[in-house]
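Report on the structure given below.
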Ligand code: SAH
Ligand code: SF4
């Protein structure tokens, strides 16, 4: 096969060290990293400090533009939802969330500053099949490559002209179960944290998992410094198994055992996401049980109000119930916040934008039959 008919490699798949292994001399890798992650270039031709021969070679063999933005919806609160299409015709979503936070300068004067969080997808679809989740409805297509995970950040930063060194947090809370795509997600964490590149330290990256206990252990053993969020959603195994079928394989006690063994930065806490559903898990009885379950864990709880979608069997709880639940925990020393439903008006719960577009125009997606 000659070079022109070969599938081009995704340039975002390489750690700095790996890139240094395929270009010579090695320092060229740093130059390429700078063009990709600081200048947001998506072609090799404009990487002007590289020799012409190397630029040509890279153009023949690699691509720095592997994803297309096919839709972007802006919410009134400033968050933006992106729908990407892969080279093989699949679609998935990412969300950019903008928050204003107060900071003080050296004289104590209050400054307002922007804080960006990017919510990434790790898979196209998901195998876990949670009863409340829109992504689950579409089934599973394939894992995203590390480069496809990394490129979501690059394209969103470029599209919003976010300055290279502006603080960005990453959450793996888009489509897919990140620990079910372990190798690519952990590699993406490393690439995103490269000092010569995007420089988003692992401490500012949060993996949210539905609780694959052995993979939590494996992640802990890598000791990357990444933050952990557990989608708990229920305090008893009967309800949790109904919501998250995988609970039958790894129950609440097994998940919590792995959380206790997980290396957590002393300044940080493990986040427990609690998807609240009307009349199912929104009473103080559950709050009390949650308090007991998390006893001894450096935890914080994030209550998420169920976001209804077409055909869902569940209902959204009232804000008052959520507030009472959160107050109960906070008053007893367990940090608890209610997630602001950022972007609710732009179909925010994971998978919903994709489904909307898919319903409108089926040709966006060509399902992988492999
Ligand atoms: N698979 C991982 C990460 C992606 S899901 C996990 O389950 O943790 C990210 C978050 O979105 C999860 O906490 C999930 O519970 C939440 N979510 C899914 N469907 C939702 C819905 N309809 N309303 C509100 N939150 C939802
Ligand atoms: Fe998968 Fe998470 Fe949705 Fe469950 S909530 S189906 S684990 S993406």
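Readers should treat all values here as calculations from the given coordinates under stated rules, not as data from a laboratory. Given the structure is predicted, the values throughout are model-derived calculations rather than measurements. With ideal geometry, Cβ positions are generated from the backbone for all residues, glycine too; neighbour counts draw on all protein chains shown.
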What value, in deg cm²/dmol to 500, does the helix sum -39500 (n - 2.57) over DSSP H runs of n ≥ 4 give at 222 nm once divided by the residues of the chain? -9000 deg cm²/dmol
For 320, 148, what's the fewest-to-most ordering of other Cβ within 10 Å of each Cβ? 320, 148
Residues in region 63-83 near a label at residue 310, defined as backbone nitrogen under 20 Å from the 7 Å Cα→Cβ point? 71-74, 81-83
By how many degrees, between 0 and 90 and to the nearest 10, does the Cα long axis of helix 213-222 differ from the longest principal axis of the chain? 50
Shape parameters for the chain, alpha-carbon atoms, Rg then Dmax in Å: 21.4, 68
Sites residue 335 and residue 52, calculated FRET efficiency, Cβ-Cβ separation with R0 45 Å, nearest 0.05: 0.20
Tell me the relative contact order for the chain as a rounded percent, counting alpha carbon contacts under 8 Å between residues six or more apart. 15
With the crude spin-label approximation of a point 7 Å out along Cα→Cβ, what separation in nm comes out for residue 265 versus residue 183? 2.9
Can you give the angle from 0 to 90° between the axis of helix 182-193 and the longest principal axis of the chain, with both taken from C-alpha atoms, to the nearest 10? 70
Any chance you could give the angle, 0 to 90 degrees and rounded to 10, that helix 27-37 forms with the longest Cα principal axis of the chain? 50
How far, in nm, would the chain grow between residue 292 and residue 222 when pulled straight, counting 0.36 nm per residue and subtracting the alpha carbon separation? 22.3 nm
Report the Cα centroid-to-centroid distance between region 1-80 and region 171-235 in angstrom, as an integer. 24
Cα convex hull of region 173-288 - mean projected area over all directions, nm²: 8.0
Got a sec? How would 113, 210, 193 order by Cβ neighbour count within 10 Å, fewest to most? 113, 193, 210
Using r as the Cβ-Cβ distance of residue 72 and residue 39, and R0 as 25 Å, what FRET efficiency do you calculate, to the nearest 0.05? 0.70
When 173, 266 are arranged by how many other beta-carbons sit within 10 Å of their Cβ, fewest first, they go 266, 173
Roughly how many nanometres apart are two label points built 7 Å out from the Cα toward the Cβ at residue 127 and residue 100? 4.5
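According to the square roots a ≥ b ≥ c of the eigenvalues of the Cα gyration tensor, what is the shape class of region 7-63, taking rounded for a/c under 1.5, prolate for a/b larger than b/c otherwise, and oblate for the remainder?
Rounded.
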Percent antiparallel among DSSP beta bridges confined to the chain, rounded to 5, stands at 50
